[in-house]
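Each remark here refers to the structure printed beneath this line.
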Amino acid sequence: SELTWTLGANAYDATSSTPQKAIVNGESVENVLKLGKSSAGGSATVAIPSGTTKIGFYAIGWNKSSGTVLSCKAGSVTETFDLTANTGAAGNRDSDYFTMSIPAGVTEVVFETTGTSNCRAIVIGLKAITE
């Protein structure tokens, strides 16, 4: 990820007491944002550089999760993404890649997971896009 974030409720990353990391397509990824704990959702606020028109990221539902939704709020705009549960949060596919348009002047996006059961997610590869 090239963007930074501030951890909210039930959010974890490499700075947490149990550092989060993942294997993506056989490569170790140290800069992982994990949202959620057990059946509780999680949240984090992602900083967006000035001039960003869109962000791109991969988001993966936790193994055996049911109906995990990632909500992203940028100013007055909220987009939701239905996440696919992956065994061990592995097996990333192109369908795990998402983009969101960012309104002019917005400098942060709040990421939050919700769901009916085990609503945890891993977010990686956060990138600012200017078009």
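Just a few scattered comments:
- In the set (1) out of contact with any strand residue (DSSP E or B) (no Cβ under 7 Å at 6 or more places or on another chain); (2) at pLDDT below 80; (3) not charged (D, E, K, R), Ser66 fails one condition alone, (1).
- Across the range 83-98, the number of residues qualifying as within 27 Å of Thr130 (Cα to Cα), open to solvent by 50 Å² or more (accessible area, probe 1.4 Å) and either modelled with pLDDT of 95 or more or more than 12 Å from the chain's Cα centre (by Cα) (or both) comes to 3.
- Meets criteria (more than 18 Å from Ala85 (Cα to Cα), of a type in the set (Lys, Arg) and touching a residue at least 40 places away in the same chain (Cβ under 8 Å)) for Lys54: yes
- Filtering the range 53-67 to residues that are assigned to a loop (DSSP other than H, G, I, E, B) and out of contact with any Ser or Thr (no Cβ under 6 Å at 6 or more places or on another chain) leaves Trp62, Lys64, Ser65.
- Pairs, first within 18 Å of Val123 (Cβ to Cβ) and in contact (Cβ under 8 Å) with a residue 12 or more places away in the chain in the range 97-111, second among the aromatic types (Phe, Trp, Tyr) and open to solvent by 50 Å² or more (accessible area, probe 1.4 Å), C-beta under 6 Å, six or more apart: Tyr97/Tyr58
- Among the residues making up the range 9-46, those that are open to solvent by less than 50 Å² (accessible area, probe 1.4 Å) and either more than 15 Å from the chain's Cα centre (by Cα) or hydrophobic (A, V, I, L, M, F, W, C) (or both) are Ala11, Ser16, Ala22, Val24, Val29, Val32, Leu33, Leu35, Ala40, Ala44, Val46.
- Extreme residue, nearest to Leu33 (Cα to Cα), among residues of the range 108-128 that are modelled with pLDDT of 95 or more and open to solvent by less than 80 Å² (accessible area, probe 1.4 Å): Phe111
- Residues satisfying the stated conditions in the range 69-78, i.e. out of contact with any Asp or Glu (no Cβ under 6 Å at 6 or more places or on another chain), under 17 Å from Thr107 (Cβ atoms) and either open to solvent by less than 30 Å² (accessible area, probe 1.4 Å) or modelled with pLDDT under 90 (or both): Ala74
The values are calculated or read from the model by the stated rules, or taken from the named source; none is laboratory data. Remember, predicted model here, so these are calculated numbers, not experimental data. Methodologically, a virtual Cβ is constructed for each residue, glycine included, from the backbone with ideal geometry; neighbour enumeration extends over all protein chains shown. Surface accessibility is based on the protein's heavy atoms, side chains included, excluding ligands, DNA and RNA. Shrake-Rupley method; radii C 1.70, N 1.55, O 1.52, S 1.80 Å.
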